[in-house]
Amino acid sequence: MSMGGKFIAIVAIFKTRFKIYMRYTGWFVMAFIYPIFTTLMPVFLAISVSGSIQNASMTFYKYSGTKDMIFYILVGATVWSVSVNIIWDFGMWLYEEMEAGTLEQLLLSPATVSELLLGSILYTIVVSFTTAIISLFIAGLLFGYMHYILTMEFLVAMLIIAIGFVPLMGMSVFFGALVLKIKEPWSFFNFLTAFLVFIAGVFYPITVLSPIARYIAVAFPATLQIADSRAIILHLEFIFSPEIDLLIIISYAISWPIIGAIMFNRVERELKRRGSIGAH
């Protein structure tokens with residue numbers, strides 16, 4: 001297929017998924033509400049335990065280095081919502097196609113797997129990142145944090161987060177391969193999502209975790225996205241240093257797409273030999 005044909009295939013996948021998404025307005029509305037709702041849950045819990053937002057902020061300051069507890073958690077919840085969407089979306093899309101009985105036709109189309117992936121991931125990144133930025137602006141207006149958002153540091157943090165999308169795309173392909181293999185991904189995804197939301201430091205700095213848990217956390221790209229974006233915007237400590245953190249993210253951006261591609265190709269070849277690639 002020519003380069004023009006490849007581009008048309010990628011855009012067609014993007015348009016198809018985007019049209020389906022826009023038909024369900026509830027998804028669109030929840031995309032704005034979810035990061036704010038996720039932020040307020042631990043905040044309300046902290047207030048109920050400490051007695052006031054001031055006491056909660058002072059306690060939070062001892063462990064995080066900032067008194068802006070709500071914005072700190074908001075950044076984590078927003079980056080997490082985008083990251084987890086990218087990780088699971090491709091796999092869950094394959095699962096939905098498998099359930100509908102159209103996966104084999106999709107994989108037999110002239111479009112290659114890489115084009116299907118790029119079109120699907122492009123849709124996820126555009127929708128998730130756009131709604132996340134709008135959600136941040138809404139929260140910034142509601143809670144008075146626009147002085148953090150309308151800065152050059154905020155743009156630099158967005159760049160770091162964008163670089164972190166590359167390894168997440170590789171992870172998306174990897175988990176997409178697992179979906180094809182295990183056929184029933186919900187229990188696995190629910191467990192892993194619950195595990196990662198705590199290990200990645202969405203609501204708190206990973207420095208409160210044990211050393212072993214911190215090593216596990218750093219192996220997950222979203223941990224670096226969350227911690228480094230907070231460090232840049234709120235002038236906090238990086239996990240290691242700006243240079244080392246960036247080097248780790250770049251190394252993940254190189255290694256995870258390769259791991260994902262190898263895993264997917266291996267599973268695809270195995271299932272084609274068995275004739276069970278579309279079986280559910």
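Summary of computed values
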| read-out | value |
| --- | --- |
| Order of Ser50, Ser251, Ser172 under a 10 Å beta carbon neighbour criterion, fewest first | Ser251, Ser50, Ser172 |
| Estimated distance in nm for a label pair at Lys181 and Phe18, the labels positioned 7 Å out from Cα along Cα-to-Cβ | 3.4 nm |
| Local electrostatic count, Pro205, Cβ distance below 13 Å [Lys/Arg +1, Asp/Glu -1] | +1 |
| Within straight-line cross-link reach of Lys62, aspartates and glutamates at Cα separation under 17 Å, skipping those fewer than 8 residues along the same chain | Glu237 |
| Check: the chain dipole with +1 on Lys, Arg Cβ and -1 on Asp, Glu Cβ, in debye | 420 debye |
| 222 nm mean residue ellipticity, helices alone, for the chain (DSSP H n ≥ 4; -39,500 (n - 2.57); rounded to 500) | -28000 deg cm²/dmol |
| Label point at Phe238 placed 7 Å out along Cα→Cβ; residues across the range 123-153 whose backbone nitrogen lies under 17 Å | 153 |
| Of Phe44, Phe90, Phe203, the one that fluctuates the most in a GNM where the chain has Cα springs shorter than 10 Å | Phe44 |
| Local electrostatic count, Trp80, Cβ distance below 15 Å [Lys/Arg +1, Asp/Glu -1] | -1 |
| The chain - Rg and Dmax from Cα coordinates, angstrom | 19.9, 64 |
| Fluctuation leader among Leu150, Leu116, Leu234 - the chain, Gaussian network, Cα springs under 10 angstrom | Leu150 |
| Among Val202, Val127, Val79: highest mean-square fluctuation, GNM of the chain, C-alpha pairs under 10 Å | Val127 |
| Local electrostatic count, Val127, Cβ distance below 15 Å [Lys/Arg +1, Asp/Glu -1] | +3 |
| Anchor Lys19: lysines whose Cα lies under 23 Å away (excluding residues fewer than 8 positions away in-chain) | Lys6 |
| Per-residue Cβ neighbour rank within 10 angstrom, fewest leading, Leu236, Leu180, Leu224, Leu107 | Leu236, Leu107, Leu180, Leu224 |
| The range 3-274: relative contact order as a whole-number percent, Cα under 8 Å and 6+ apart | 26 percent |
| Point-to-point label distance, Lys62-Arg269, nm (Cα→Cβ direction, 7 Å offset) | 5.7 nm |
| Exposure proxy order (Cβ contacts within 10 Å, fewest to most) of Arg214, Arg230, Arg274 | Arg274, Arg214, Arg230 |
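No value in this document is a laboratory result; all are computed from the given coordinates. Computed from a prediction, not measured in an experiment: that's the story for all the values here. Ideal geometry is used to build each Cβ from the backbone, glycine not excepted, and the neighbour counts take in all protein chains shown.
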